[in-house]
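Here the structure is laid out as structure tokens; the discussion comes afterwards.
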Amino acid sequence: MAEYNPYQALVNRAKPKLSSNRKYGHGKRISDKSWRESYDTPLTKKEMKEFKAWAKKEKVRWETDLKKRGIKATWDLEDQKRSYDVQGYWKALNNATTQEEKNILFDPVSGHASDMFKKPTHPSFSTGSIYDKISGNLGGQWEGEHFTPTAHNIRNLGGVGDALNWFDKNEPGVTIGFNEDNFNKWADEWATKKATEGTRGDIKGLAW
């Protein structure tokens, strides 16, 4: 009998929900609402009612916790859903069988939710997401507090400069690394786009 692994148990429950019948935004722009919503875990009417009740409580909990940390911010469900499968997160949390599983989904020390349900639209979309590699979207790699973004991450954030600025503002303790493959792939895509548009420009933050 296989040894119990709380992380794998969560993944095993979530993965079957990645039905081949779901159209994960094929042919859609990453900014399209329909593209983002294609990554929301489907809920039954009963589950949706329970989810919405939880979301109201979560808003109060989240804002109260941040206030204690000296951070003034608001929690808006629709805004959160732009880059996170909140419905999938709620369902996993609701079905968690042990405290270990709950702590993986939500770290009580840092106050951060797991990468497991980050959508490809999330700035730090990573290999820890169940949506990694879905529709060809590759997530970045975390190694402790170091993050190596993929060409997808860089493109999603608008370029190298904007990517660095986002992490500096939102993840100040994180170091960023660009390997040759992910940077060159993004740079080639960027150059092709500029050539197609008939325009010229500089790669933000870098001499080019």
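Whether any residue in segment 2-16 is at pLDDT 80 or above and over 24 Å from Tyr131 (Cα atoms) is what I want to check. Steps first, please.
Taking segment 2-16 first, the residues at pLDDT 80 or above are 3-14.
Imposing the further condition that a residue be over 24 Å from Tyr131 (Cα atoms) reduces the set to 3.
Yes; the residues of segment 2-16 include at least one that is at pLDDT 80 or above and over 24 Å from Tyr131 (Cα atoms).
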(request) Return only the number of the condition from (1) in contact with a strand residue (DSSP E or B) (Cβ under 7 Å, 6 or more places away or on another chain); (2) under 22 Å from Leu66 (Cβ atoms); (3) small (Gly, Ala, Ser) that Ser126 does not satisfy. (result) (2)
(message) Please verify whether Ala96 is touching a residue at least 24 places away in the same chain (Cβ under 8 Å), among the small types (Gly, Ala, Ser) and under 19 Å from Leu43 (Cα atoms), treating the condition exactly as stated.
(response) yes
(request) Count, please, the residues in segment 152-179 that happen to be polar (S, T, N, Q), surrounded by fewer than 14 Cβ atoms within 10 Å (Cβ to Cβ) and not in a loop (DSSP other than H, G, I, E, B). (result) 2
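Being of a type in the set (Ser, Thr, Tyr), more than 20 Å from Met116 (Cβ to Cβ) and touching a Phe, Trp or Tyr at 6+ places or on another chain (Cβ under 8 Å) is the requirement here; does Thr148 meet it? Walk me through it before giving the result.
Numbers: of a type in the set (Ser, Thr, Tyr): yes; more than 20 Å from Met116 (Cβ to Cβ): no; touching a Phe, Trp or Tyr at 6+ places or on another chain (Cβ under 8 Å): yes.
It is false that Thr148 is of a type in the set (Ser, Thr, Tyr), more than 20 Å from Met116 (Cβ to Cβ) and touching a Phe, Trp or Tyr at 6+ places or on another chain (Cβ under 8 Å).
The values are calculated or read from the model by the stated rules, or taken from the named source; none is laboratory data. All figures in this text were calculated on a predicted structure; none of them were measured in a lab. Quick reminder, even Gly has a Cβ in these numbers, built from the backbone with ideal geometry, and neighbours come from all protein chains shown.
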